[in-house]
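The values are calculated or read from the model by the stated rules, or taken from the named source; none is laboratory data. Every value quoted in this text rests on a predicted model; they were computed, and no experiment measured them. Because the Cβ atoms are built from the backbone with ideal geometry, glycine has one as well, and the counts that use them run over all protein chains shown.
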Amino acid sequence: MSQFRTFIIALVASFGLPWLCLIVVPAIKYQSLSQVAYDKDRDGLEGLYPPAPINRQGQLIYAREGCVQCHTQMIRPTQLALDGWRKGWGQDQEARPTVPTRSNTLRDYLGEPFAFLGVQRNGPDLTNYGWRAPDRNLIHQMLYAPKSLHDWSNMPSFAHLYTERLAQGQTSIKALKLSKKFAVKEGYEVIPTEEAEALVDYLLSLKKDYPVPGESAAVAAAPAAAAK
Amino acid sequence: MQTSTASPDTQADNLRRAAIDKSVKGPVLFLFLNGAFWLMASTILGVLAAIKQFAPDFLGACSVLQYGRLQPTHINALVYGWGVQVGLGVMLWIMARRSGQELRTGKSVLYVAAVFWNIAVTLGLVAILVGKSTSMQWLEMPAFVWPVLLVSFLAFAWPMVFMFGRAFRPEGFMVSTWYILGACFWFPWIFITANVALHCLPGLGALGAGINAWYVHTVILLFFAPVAIGAAYYFIPKVTGQPIASSQLSQIGFWLLAILGGWTGMQHYMGGPLPAWMPALGAAAGVLLLIPVGVVGLNHHLTTLGKHNLVASSPTLRFVFFGALFYPVSGAILALISNFSTGATLQFTQAWYGFQIVAVYGFFSMTVFGAIYYIVPRLTGCEWLSVRLIRNHFWFSVYGIGTIVVTSLVAGAQQGGDLNSPEMWDQDFMQLALNLRPYIIARAIAWALITWSNVWFLIHLMLMVAGLGRRSSAPTLLEHDHEEVLPQAAHA
């Protein structure tokens, strides 16, 4: 029996150490992580970092549809990959930004129950999608009929987040403007459900490249709301 | 069995073995049969998911069958429906046999646990399909599922720990039971940690993603790997009739895996928001794991040395041999996706899928198939019906898995190259989507081949469990022209 005990103790010790160091201690320390204030003199900004929380209702839709299988939410630093230089992946929408989009920190995901960093990158990264997003209607069109925007798209259609209804009188301003090939029957219109609206709200709230307080700002002193 | 020439000692041994087999028969067969069913379901889902990835309009825009829901269902069916379930069956049988202990009490508890396991998995998978997925890798099933799975698992682990404790150990060190006891002990620990952290704590943000990646890696390295290695350490000496080549190597292999396994995982999000030391440690452990993996591979190789003709004739050894061969392959792929140079290229690509499949299917499942081909005839009292079916199963699986792993890795390199190509910095994803397409089509075909083999495996297994196997004292061998008979032990 003593051999048995030694064996168990050795198992507990060998696995317990990484368990404590990687999971338990970081999880406890994470609880005290909170927003930090910008210093007006140092950062040229006011307010708190990270400033805006994501839209949780929409994030639940994002999770349940399994968007993470193809979309990541994580910009890697330039020594590992060219993510930061890709056009439109940060706040700077210029074709040739002067500085790369910064990689992400633990605080960028503050307030999210679980950060959907992603499984594969079969579609573009969405970390900072909120900056490059087109207008709401176009996002809805993308979700409803991806192939109406790009005929090569391998994104599935999320038509089940939309309802098709008889157009009464004037077509609703919410109705999707679909091209002929993807249009529904004459006299009908496609209206986003609340879930689709929440998902779009979430996508628009994805802006994770605000300057980190105390570090040189990636996008020089751009006020948070001015860009869009 | 050559009972006519056997000494009274051997006869007593045989009776003891038969009594042990009888005591675990019901639960083990129940797990195998349900596991084989889930395996078939998972491979069919694998075909569908692969098709949906390159042709999203296939089968219409039905919400249940979108790639984002099918893919996690496919993986979860493979992991919980098949992997952990048959893993438990193999563990229970080997532990009982190796410790020389019958299952004394609590058989009905095992049945109840197995039934609840399957109900929980069914509900969990249906929940993913109808839109309750949590989108945490390998933990996509909604939160109500995990306590049921945990209790069911513990119901099986408990008697195994007792068997180990009561075992009569003339030889002192029994490597296969060490691995299996380790798996009994690691899995609940990992499972509770990940689920409590991700479902019960108020929210860990990006740290949660890191814990999630840690969960996937540790389940592979500290549950699937130990069960398969334990089975390989049990069946290779058993069928070849040679002792394990080196007891020292097997101890080194075990303890290095135990020490390093828990550190891996966070490197999955290298360059991400986690504090830099976490992925760095994971990457270091992922590469260092090449040592225990190589040591175990060498030990298995040395144990089969000179007995390679048995690989051709014994179905058990053939599957276990190839499963054991896939262990170093999985280790090498883990090292490739873990280190910061190739890993950064292969991150977020198909290579990650390739690693999961080579570890869970190529390595774990192939070994477990071998174990099933050995265990089931001893429990049902009849022999496998058809050599052709076993051979089909083997070749379709080997080629299917080989195709999936190779195409996933090459696709990963291609995809990673495209993502990082300086020429494509301002391009949309058209080129990437088009370049990926042939590989995904190849994967769909490979899963279809595997599905074909699994349908027959399931039917074959069902016939065996129904007691419709061959009534014969000679085991079903794949080649009969070799006159060299298997050693006595292999028949026991």
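For the criterion of being more than 17 Å from the chain's Cα centre (by Cα) and in contact (Cβ under 8 Å) with a residue 40 or more places away in the chain, A:Gln59 fails.
Criterion applied to A:Thr127, A:Thr72, A:Thr98, A:Thr163 was being surrounded by fewer than 20 Cβ atoms within 10 Å (Cβ to Cβ), outside any helix (DSSP H, G or I) and at pLDDT 90 or above, and the one residue passing it is A:Thr163. Restricting attention to the range B:190-229, which residues are assigned to a helix (DSSP H, G or I), facing another protein chain (nearest Cβ under 7 Å) and over 21 Å from B:Phe355 (Cβ atoms)? Listed by number, the residues that qualify are B:Thr193, B:Ala197, B:Leu198, B:Gly205, B:Ala206, B:Leu207, B:Gly208. Regarding the range A:80-95, can at least one residue be identified that is touching a residue at least 60 places away in the same chain (Cβ under 8 Å) and at the interface with chain B (Cβ under 7 Å from one of its Cβ atoms)? No, the range A:80-95 has no match at all.
So B:Thr73 ticks every box in (1) away from every other protein chain (no Cβ under 14 Å); (2) modelled with pLDDT of 95 or more but one. Which box is left unticked? (1) is the only condition that B:Thr73 fails. Looking only at residues of the range A:130-145 that are assigned to a loop (DSSP other than H, G, I, E, B) and more than 16 Å from the chain's Cα centre (by Cα), we find that the one that is farthest from the other protein chains (Cβ to nearest Cβ) is A:Asp135. Of the candidates A:Ser179, A:Ser103, A:Ser172, the single residue that is within 12 Å of chain B (Cβ to nearest Cβ) and free of Cβ contacts under 8 Å to residues at least 60 places away in the same chain is A:Ser103. Set side by side, the residues B:Ala312, B:Ala344, B:Ala284 differ, and just one is free of Cβ contacts under 8 Å to residues at least 24 places away in the same chain, part of a helix (DSSP H, G or I) and over 18 Å from B:Phe224 (Cβ atoms), which is B:Ala284. In the range A:11-39, the residues that are aromatic (Phe, Trp, Tyr) form Cβ pairs under 7 Å with partners that are assigned to a loop (DSSP other than H, G, I, E, B), at six or more places apart or across chains, as follows: A:Phe15/B:Gly262; A:Trp19/B:Gly262; A:Tyr30/B:Leu204; A:Tyr38/A:Leu45; A:Tyr38/A:Glu46; A:Tyr38/A:Gly47; A:Tyr38/A:Pro213.
The residue that is farthest from A:Ala133 (Cα to Cα), among those in the range B:389-438 that are among the aliphatic types (A, V, I, L, M) and facing another protein chain (nearest Cβ under 9 Å), is B:Leu436.
Being among the charged types (D, E, K, R) and more than 7 Å from chain B (Cβ to nearest Cβ) is a description that applies to A:Asp43. Among the residues of the range B:126-144, not one is away from every other protein chain (no Cβ under 11 Å), in a helix (DSSP H, G or I) and either surrounded by 24 or more Cβ atoms within 10 Å (Cβ to Cβ) or touching a Cys at 6+ places or on another chain (Cβ under 6 Å) (or both).
In the set A:Ile23, A:Ile8, A:Ile28, only one residue is over 22 Å from A:Gly111 (Cβ atoms) and more than 20 Å from the chain's Cα centre (by Cα); that residue is A:Ile8. Looking across the range B:347-365, the residues that are outside any loop (DSSP other than H, G, I, E, B) and in contact (Cβ under 8 Å) with a residue 60 or more places away in the chain come down to B:Gln350, B:Ala351, B:Trp352, B:Gln356, B:Ala359, B:Val360, B:Tyr361, B:Phe363, B:Phe364, B:Ser365. Residues in the range B:360-397 that are within 30 Å of B:Leu436 (Cα to Cα) and either of a type in the set (D, E, K, R) or crowded, with 18+ Cβ neighbours inside 10 Å (or both): 11 in all. The condition (being buried (at least 24 other Cβ atoms within 10 Å of the Cβ) and either modelled with pLDDT of 95 or more or charged (D, E, K, R) (or both)) is satisfied by just one residue among B:Ser330, B:Ser314: B:Ser330. Scanning the range A:166-177 for residues that are under 29 Å from A:Arg121 (Cα atoms) and either of a type in the set (Val, Ile, Thr) or surrounded by fewer than 19 Cβ atoms within 10 Å (Cβ to Cβ) (or both) turns up just one, A:Lys177. Mind listing just one residue for me: the one in the range B:230-277 that is within 14 Å of chain A (Cβ to nearest Cβ), β-branched (Val, Ile, Thr) and surrounded by fewer than 24 Cβ atoms within 10 Å (Cβ to Cβ) and, of those, nearest to B:Trp93 (Cα to Cα)? Going through the qualifying residues, I end up with B:Ile252.
Inside the range B:195-206, residues that are crowded, with 24+ Cβ neighbours inside 10 Å and touching a residue at least 40 places away in the same chain (Cβ under 8 Å) make up a count of 1. Looking across A:Ser157, A:Ser148, one residue alone is within 9 Å of chain B (Cβ to nearest Cβ) and crowded, with 17+ Cβ neighbours inside 10 Å. It is A:Ser157.
Quick check on the range A:61-68. Is at least one of its residues of a type in the set (Val, Ile, Thr) and modelled with pLDDT of 90 or more? For the range A:61-68, residues of a type in the set (Val, Ile, Thr) and modelled with pLDDT of 90 or more: present.
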